[in-house]
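S.K.: Let me begin by handing over the structure; questions about it come next.
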4 protein chains.
Amino acid sequence: MPNPARPSLTPRKRPRQARAAVTVDAIFEATIQLLIRSGADSLTTTRVAERAGVSVGTLYQYFPNKQALIYALNERYLETLAAKIEATCTAQNGQPASTMLKALIDAYWRAKTERPEVTRALYRSVADLDNSALIEAFASRVDTATTAMFASACDADFADLASVNLTLVTVIFGTVRNVFERGLDSQDAEKLQGQLCLMCDAYLKALDGSSIAQPR
Amino acid sequence: MPNPARPSLTPRKRPRQARAAVTVDAIFEATIQLLIRSGADSLTTTRVAERAGVSVGTLYQYFPNKQALIYALNERYLETLAAKIEATCTAQNGQPASTMLKALIDAYWRAKTERPEVTRALYRSVADLDNSALIEAFASRVDTATTAMFASACDADFADLASVNLTLVTVIFGTVRNVFERGLDSQDAEKLQGQLCLMCDAYLKALDGSSIAQPR
Amino acid sequence: MPNPARPSLTPRKRPRQARAAVTVDAIFEATIQLLIRSGADSLTTTRVAERAGVSVGTLYQYFPNKQALIYALNERYLETLAAKIEATCTAQNGQPASTMLKALIDAYWRAKTERPEVTRALYRSVADLDNSALIEAFASRVDTATTAMFASACDADFADLASVNLTLVTVIFGTVRNVFERGLDSQDAEKLQGQLCLMCDAYLKALDGSSIAQPR
Amino acid sequence: MPNPARPSLTPRKRPRQARAAVTVDAIFEATIQLLIRSGADSLTTTRVAERAGVSVGTLYQYFPNKQALIYALNERYLETLAAKIEATCTAQNGQPASTMLKALIDAYWRAKTERPEVTRALYRSVADLDNSALIEAFASRVDTATTAMFASACDADFADLASVNLTLVTVIFGTVRNVFERGLDSQDAEKLQGQLCLMCDAYLKALDGSSIAQPR
DNA sequence: AATGAATGAGTATTCATTCAT
DNA sequence: CATGAATGAATACTCATTCAT
């Protein structure tokens, strides 16, 4: 429930006509570019509009304020990301757990590394914004998808699936974030991806022998 | 080599007298408080000075600009954190790897969770700031300490210690960060800490059987 | 009780040093000049500051927002006006009612006509502003002063002093306002002032014969 | 002669068809509503159009600019008011002066009090607008009507009718305005209306005995 | 050393008005 | 005739920083 005191973060109007959609996309793209080049601090609505090739007024027709613009940008980003993860999960239905893990790690890693500057820029922009709602929505979508996937594994049965799922997702996502934070080069990153797979696999196998997960 | 174009981030003068140290501490504390309460966006030097009980002029006697203040704050924070990790690593010398892992995870987790709002505030404030230098210095200190520790493990010999160390540190730090990002409650967090230990342990054991690590 | 939702109208800080007082006075004077020349609509804080010979920032050190500036200006104006009326009332203590009336009308009329453009400018500027609090405070001060004066009249005793006082004050003030509104020339205005005295006098005499006021 | 520099205040086109008249009326009504609710400052053409249920474009078909809209609104208002006063004056032809006075005061008072928020809103909106032309036209119509009325009084002959008329009209109109300005409650207002009648009556009687008015 | 008044460039945001559809 | 997306000049207000006292 958003605090009614603080200004709205919801878009002012949805683009109905084709050209309006183009306008909104241009604004989003311009925002990303500026975020990458100069960071969130020097992001001004005027510059965004300028770069997008529209007037400030137009920008404000679609976003009630600057925060709402950044918010919407993150929303769009997370939505795309969630969709990718969901697709991956669906595709892995019935596979062995180890294959699933590899696929999940790979999909997430790839999505984040595809346009690394975008990832970095958004990681940063998000900072001051109160986007917990977005994060929560994203987390919930992902949880649902990955949980369903792991539940369908042909070679494992998890006693406490929720816990296992939370662990895996948190570790994977966190590791990726930290790779960006430390600015690891792609060689290190690649090696690390492999080690992460290994680690998660080992984790599942360890569970297998414990009281949490039972061999089938 | 710092870019000469961007303003200096180094403090203007070091506090020599006792009361000056008090002043600087008050400024740091005030900054943290404001960061927690209202976020980096509404952090102004005037407000920091006000809350610290000094005049703006005084603040500028110690910090050449706002960035330098935040930079110094993070520096102080990371220094403390690094020191804690180093202490932990030293204390674990010669222990079994599993014990080391547990200790490292616990130490880091505790340091971050002690004053969660501070952690969160700093995670955020850092965003726009170009603090890669800080992060790198911190990472390097930590790497040295943990590498030395793992090398001394009484029950393991790592074929590629650097790789193993990087993996563990990245995974652990990243996981903690993600716990904050998702805003997990303390119950979930605690459970996750246990699972993380389990996972790292399993990782080491898996390495044991592979070509990377050889049993002694 | 001011609505806490709308921005404060109270000054940000009181000028303590002599030069600060000069600054504030310059701002007030500049505001009046601009109000006279171009009206409230085109009054911008930038222009006020410019004309006052200070920076916008300085203006905002003393007034939290534009409204507060106009509010303070009116406050100052009404305070001066109230003081003049109070002085007049005090001076008339014990005089015959007719003399009092003449003095009151004369004092108010003169105060308003002294700098007619200022009067006109303030009449206008007040429009959108919620200055009912100011008006009320002013009215209350005036009521007290005039009531005390009329009560001391050596030749009359009012059965319903409150009512008589309200009538006289409302009629006098209203008439003056309307003179400005219609833009009467000074000849007409002067004649009207005389007629107003006559009318008020006649009113008091009429009351004398009625049940409201008793001859002593 | 209107200043050619300032934008025209005359309507762009007169509504010829019935539905156009409805549109214009809706725009007027919407303007009044917004004026009442939020004041002249936050009155925007977009909002007026929205509330009137038409597009901004349509609004601009009838009014060349925002000022013209407010101007026209006041014009309409003053026209109605003038008509009411003229009707009252005509109806009083040949009556005793005292009756006339009572009728005039009553008519004006009633017209202003009927929709007090409208009165207040228009009193305010007018402020910045250069509507002296409107006021003058209104004053002239009223003067003609009241002068004719008083000239027909069956029981009085005024030596300086113009002066008497100006006095009465100014006092009455001004008093009413001040009642609104001070925000008197209806009880006080009613009492004041009575006292005003009394006062004006007394004024006429006083003139009777002086050199200005001669008994017939 | 400390103070805090003054500065003014810079920013978010609004809104009257136009004009292509 | 009607629409409403686009415009961009204009404005209130902030805040890092300086410097005279």
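S.K.: Please pick out the residue among B:159, B:206 that is at the interface with chain A (Cβ under 7 Å from one of its Cβ atoms) and more than 24 Å from the chain's Cα centre (by Cα). Explain how you work it out, then say what you get.
M.R.: Working: B:159 fails: at the interface with chain A (Cβ under 7 Å from one of its Cβ atoms).
Answer to the check: B:206.
S.K.: Identify all residues within region D:56-75 that are within 13 Å of DNA strand F (Cβ to nearest atom), touching a residue at least 40 places away in the same chain (Cβ under 8 Å) and part of a helix (DSSP H, G or I); write none if there are none.
M.R.: If the condition is that a residue be within 13 Å of DNA strand F (Cβ to nearest atom), touching a residue at least 40 places away in the same chain (Cβ under 8 Å) and part of a helix (DSSP H, G or I), then D:60, D:61, D:62 are the ones that fit.
S.K.: Further question on the same structure: Could we say that residue A:88 is at pLDDT 95 or above, buried (at least 19 other Cβ atoms within 10 Å of the Cβ), part of a helix (DSSP H, G or I) and of a type in the set (S, T, N, Q) here?
M.R.: Considered against the rule, which asks whether it is at pLDDT 95 or above, buried (at least 19 other Cβ atoms within 10 Å of the Cβ), part of a helix (DSSP H, G or I) and of a type in the set (S, T, N, Q), residue A:88 comes out as yes.
S.K.: Given the criteria aliphatic (A, V, I, L, M) and modelled with pLDDT under 95, does residue C:78 qualify?
M.R.: no
S.K.: Which condition number does residue A:103 fail, the rest of (1) closer than 30 Å to residue A:207 by Cα; (2) within 14 Å of chain B (Cβ to nearest Cβ); (3) of a type outside the set (D, E, K, R) being met?
M.R.: With (1) closer than 30 Å to residue A:207 by Cα; (2) within 14 Å of chain B (Cβ to nearest Cβ); (3) of a type outside the set (D, E, K, R) applied to residue A:103, the lone miss is (2).
S.K.: If you take the residues in region D:144-178 that are of a type in the set (A, V, I, L, M) and in contact with a strand residue (DSSP E or B) (Cβ under 7 Å, 6 or more places away or on another chain), which one is surrounded by the fewest Cβ atoms within 10 Å (Cβ to Cβ)?
M.R.: Selected residue: D:159.
S.K.: Looking at the structure I just gave you, is residue D:111 in a helix (DSSP H, G or I), touching a helix residue (DSSP H, G or I) at 6+ places or on another chain (Cβ under 7 Å) and under 21 Å from residue D:196 (Cα atoms)? First the steps, then the outcome.
M.R.: Values: in a helix (DSSP H, G or I): yes; touching a helix residue (DSSP H, G or I) at 6+ places or on another chain (Cβ under 7 Å): yes; under 21 Å from residue D:196 (Cα atoms): yes.
Yes.
S.K.: Going residue by residue through region C:181-197, is there one that turns out to be in contact (Cβ under 8 Å) with a residue 12 or more places away in the chain, of a type in the set (Gly, Ala, Ser) and either surrounded by 15 or more Cβ atoms within 10 Å (Cβ to Cβ) or over 27 Å from residue D:132 (Cβ atoms) (or both)?
M.R.: yes
S.K.: Continuing with the same structure: Working only within region A:49-63, note down all residues that are more than 6 Å from DNA strand E (Cβ to nearest atom) and more than 23 Å from the chain's Cα centre (by Cα).
M.R.: Across region A:49-63, the qualifying residues are A:49, A:50, A:51, A:52, A:53, A:54, A:55, A:58, A:59, A:61, A:62.
S.K.: Can you tell me how many residues in region B:35-55 are in a helix (DSSP H, G or I) and within 16 Å of residue B:119 (Cβ to Cβ)?
M.R.: Of the residues in that region, 4 qualify.
S.K.: Quick one: which residue in D:147, D:113 is at pLDDT 90 or above, over 14 Å from the mean Cα position of the chain (by Cα) and more than 14 Å from every other protein chain (Cβ to nearest Cβ)? Lay out the reasoning, then the answer.
M.R.: Numbers: D:113 fails: over 14 Å from the mean Cα position of the chain (by Cα).
Unique residue meeting the criteria: D:147.
S.K.: Against the condition within 12 Å of chain C (Cβ to nearest Cβ), more than 16 Å from DNA strand E (Cβ to nearest atom) and farther than 14 Å from residue D:149 by Cβ, how does residue D:126 come out, does it pass? Step through it out loud before you land on a result.
M.R.: Values: within 12 Å of chain C (Cβ to nearest Cβ): yes; more than 16 Å from DNA strand E (Cβ to nearest atom): yes; farther than 14 Å from residue D:149 by Cβ: yes.
The answer is yes for residue D:126.
S.K.: Given the options B:78, B:35, name the one that is within 14 Å of another protein chain (Cβ to nearest Cβ) and away from DNA strand F (no atom under 16 Å from the Cβ).
M.R.: Only one candidate qualifies: B:78.
The values are calculated or read from the model by the stated rules, or taken from the named source; none is laboratory data. Model, not experiment: these values are computed from the prediction. FYI the Cβ positions are ideal-geometry reconstructions off the backbone, even for glycines, and counts take in every protein chain you see.
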